[in-house]
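Student: Supplied in structure tokens, the structure appears directly below.
The values are calculated or read from the model by the stated rules, or taken from the named source; none is laboratory data. Quick caveat: nothing in here was measured; it's all calculated off a predicted structure. In this analysis, Cβ positions are derived from the backbone assuming ideal geometry, glycine residues included, and neighbour counts consider all displayed protein chains. Accessible surface areas use protein heavy atoms only, side chains included; no ligands, DNA or RNA. Shrake-Rupley method; radii C 1.70, N 1.55, O 1.52, S 1.80 Å.
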Amino acid sequence: MRRRPVDFRRPVRRRISSVVWWTLCGISVLLFIVIFSKESRIESRSTSFNKYYTKYEKNIEGLNITEEMLSPNSITRQLSDQISLAKAFVVIAKESNNLQFAWELSAQIRNSQVLLSSAATRRAPLTTRESETAIRDMALLLFQAQQLHYDSATMIMRLKAKIQVLDEQMGIVNEKSSKYGQIAAEEIPKGLYCIGIRLTTEWFGNPNLQRKKNERMQIQTKLRDSNLYHFCVFSDNILATSVVVNSTALNSKNPDMVGFHLVTDEINYIAMKAWFAMNTFRGVTVEVQKFEDFKWLNASYVPVLKQLQDSETQSYYFSGHNDDGRTPIKFRNPKYLSMLNHLRFYIPEVFPALKKVVFLDDDVVVQKDLSGLFSVDLNSNVNGAVETCMETFHRYHKYLNYSHPLIREHFDPDACGWAFGMNVFDLVEWRKRNVTEIYHYWQEKNVDRTLWKLGTLPPGLLTFYGLTEPLDPSWHVLGLGYTNVDPHLIEKGAVLHFNGNSKPWLKIGMEKYKSLWEKYVDYSHPLLQQCNFH
């Protein structure tokens, strides 16, 4: 039998069985259902979140605080007003010693505050239903307060009376504070007193100081040299004067060209001489005098000396019994009775050989070279000074009595005041214009103290009126003894003035400025250590 030849044709595909086909269809349907269900859940979540956010926004819009408080029917505003009034009544009730009623008001205030806090937390306005009880209870208490005469008129009257009492108490406290501050400023610290005693003892017990005195007498002619830079200080404070001399010497470009003329009183004369004999200041020449040696200084020539010796004047400034307390205590300072305070008006007589001098108070610190002051053109004026009229307080009307015709006729009330404490005096012009006689004239007119209170600045303003040349403010910075001073002004200032009661050598001195003064004090000096001065 012949075999059938091999069939090389492509075989026909077999059809997929129906079971497999239906299986695939089922899987596809399931996948479609799963995907659709997930999308539905996401959409439902998004819808619910949007609904929640919309509801939250509506709540926020429903409690617009501004609109709520401006609304005439606002329960929130009514509660707030009640709370404010109740708080005022609590204070009045406590002052009236009605503590039970004050407690009831405070309790009701807390209840109302809880309601307001609850409304703020849920961001929804208060309803009449939830706040009706609180408003009624508070209204009853406020009505009761009115029955107790806690009404507005009574409150105003009580508050006015309270304010008046407080003003009187504050006035008494301020007066005591000024008095105690003045006493503290006038006291001599134990350390300074000790230094004076020890220096006097050292002078009489140390022959070397006497020899140094003789050596210094050989250079007295130098102190008459017009080419030197001459400074003068009138003081009874040895340490303060030493700081002025030391700070000037340390900041001077040519200390050997500097001459200091110191004038003190007889009590401190020996101690002052001893201190400047036993200490050197970079070659600065120092002369010490006492004003009791000035033969011309007598009551017949010096009006103020006659006034200072008057028993009524001394009683006025030491006790104040003749004034009924009308004069502020700062004008009653007994330091105004010291001739050292008034000697500045007699500089040409004190130093007859000098032509120009820089006057320094003993409560200043020098931190720049001052030789430039001697080349300042004063434009034929007598006094070179820094003006202080940056504000109304420092104009002439503040220091002088303009109800007096003499003052009113001769001086502009808005004229600029200026500062004593660092002044350049042209003594040639001083003598030519006879300025000391001008000072005498005004002192004699003020014998009854009607033109100004006792002091040196008011008569200085009168004496040098029209004779003062303004200096650059950086030459003299004031206020370190009583107020805050701009640090930039302090940094640029040539002379820093501790004017005021808070002197740097006192415990009441302003701490933040003390270091500016103390860096010119040698606390390692044996004498300062012996006197426990620190």
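Student: What number of residues within the stretch 216-231 are closer than 19 Å to Asn279 by Cβ and at pLDDT 95 or above?
Tutor: The number of residues fulfilling the criteria is 1.
Student: While we're here: So Glu312 ticks every box in (1) farther than 23 Å from Gly205 by Cα; (2) surrounded by fewer than 20 Cβ atoms within 10 Å (Cβ to Cβ); (3) modelled with pLDDT of 95 or more but one. Which box is left unticked?
Tutor: In the conditions (1) farther than 23 Å from Gly205 by Cα; (2) surrounded by fewer than 20 Cβ atoms within 10 Å (Cβ to Cβ); (3) modelled with pLDDT of 95 or more, Glu312 misses (3) alone.
Student: Within the set of pairs 6+ apart or on separate chains, which have a first residue in the stretch 394-407 that is at positive phi, a second that is among the acidic types (Asp, Glu) and open to solvent by 70 Å² or more (accessible area, probe 1.4 Å), and C-beta atoms under 8 Å apart?
Tutor: Once the first residue is at positive phi and sits in the stretch 394-407, no partner that is among the acidic types (Asp, Glu) and open to solvent by 70 Å² or more (accessible area, probe 1.4 Å) comes close enough.
Student: What are the residues in the stretch 345-367 that are β-branched (Val, Ile, Thr), part of a helix (DSSP H, G or I) and closer than 27 Å to Leu480 by Cβ, if any?
Tutor: Ile347
Student: Can you pull out the residues in the stretch 503-534 that are over 28 Å from the mean Cα position of the chain (by Cα) and assigned to a helix (DSSP H, G or I)?
Tutor: Within the stretch 503-534, Pro526, Leu527, Leu528, Gln529, Gln530 qualify.
Student: While we're looking at this one, here's another question. Hand me the list of helices (runs of 4 or more DSSP H) wholly inside the stretch 368-455 holding 1 or more residues that are open to solvent by 10 Å² or more (accessible area, probe 1.4 Å) and closer than 30 Å to Asn251 by Cα.
Tutor: Ranges flagged: 427-433.
For (1) more than 19 Å from Leu360 (Cβ to Cβ); (2) free of Cβ contacts under 8 Å to residues at least 60 places away in the same chain, each residue gets a yes or a no:
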{"site": "Asn484", "(1), (2)": "yes, yes"}
{"site": "Pro487", "(1), (2)": "yes, yes"}
{"site": "Glu491", "(1), (2)": "yes, yes"}
{"site": "His497", "(1), (2)": "no, no"}
{"site": "Asn501", "(1), (2)": "yes, no"}
{"site": "Leu516", "(1), (2)": "no, no"}
{"site": "Tyr523", "(1), (2)": "yes, yes"}
{"site": "Leu527", "(1), (2)": "yes, no"}
{"site": "Cys531", "(1), (2)": "yes, no"}
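Student: Another question about this same structure. For Val376, which of the numbered conditions (1) more than 30 Å from Asp256 (Cβ to Cβ); (2) out of contact with any helix residue (DSSP H, G or I) (no Cβ under 8 Å at 6 or more places or on another chain) fails to hold?
Tutor: The failed condition is (1).
Student: Would you mention how many residues in the stretch 75-110 are open to solvent by less than 20 Å² (accessible area, probe 1.4 Å), modelled with pLDDT of 85 or more and either β-branched (Val, Ile, Thr) or not in a helix (DSSP H, G or I) (or both)?
Tutor: Of the residues in the stretch 75-110, 3 are open to solvent by less than 20 Å² (accessible area, probe 1.4 Å), modelled with pLDDT of 85 or more and either β-branched (Val, Ile, Thr) or not in a helix (DSSP H, G or I) (or both).
Student: Separate question: Under the condition of being without any contact (Cβ under 8 Å) to a residue 40 or more places away in the chain and under 34 Å from the mean Cα position of the chain (by Cα), which residue from the stretch 250-271 is nearest to Asn341 (Cα to Cα)?
Tutor: Out of the qualifying residues, it is Leu262.
Student: Scan (1) farther than 20 Å from Cys389 by Cβ; (2) among the aromatic types (Phe, Trp, Tyr); (3) open to solvent by 30 Å² or more (accessible area, probe 1.4 Å) for the single condition Tyr513 breaks and write down its number.
Tutor: Condition not satisfied by Tyr513: (3).
Student: Can you tell which of Asp323, Asp363 is acidic (Asp, Glu), open to solvent by less than 40 Å² (accessible area, probe 1.4 Å), over 19 Å from Asn383 (Cα atoms) and at pLDDT below 95?
Tutor: Checking each option against the conditions leaves just Asp323.
Student: Separate question: Mind counting the residues in the stretch 507-534 that are at pLDDT 90 or above and under 23 Å from Glu491 (Cα atoms)?
Tutor: Result for the stretch 507-534: 13.
Condition check ((1) small (Gly, Ala, Ser); (2) over 20 Å from Asp412 (Cβ atoms)) across all residues:
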| residue | (1), (2) |
| --- | --- |
| Glu437 | no, yes |
| Gln443 | no, yes |
| Leu457 | no, no |
| Val477 | no, yes |
| Ser502 | yes, yes |
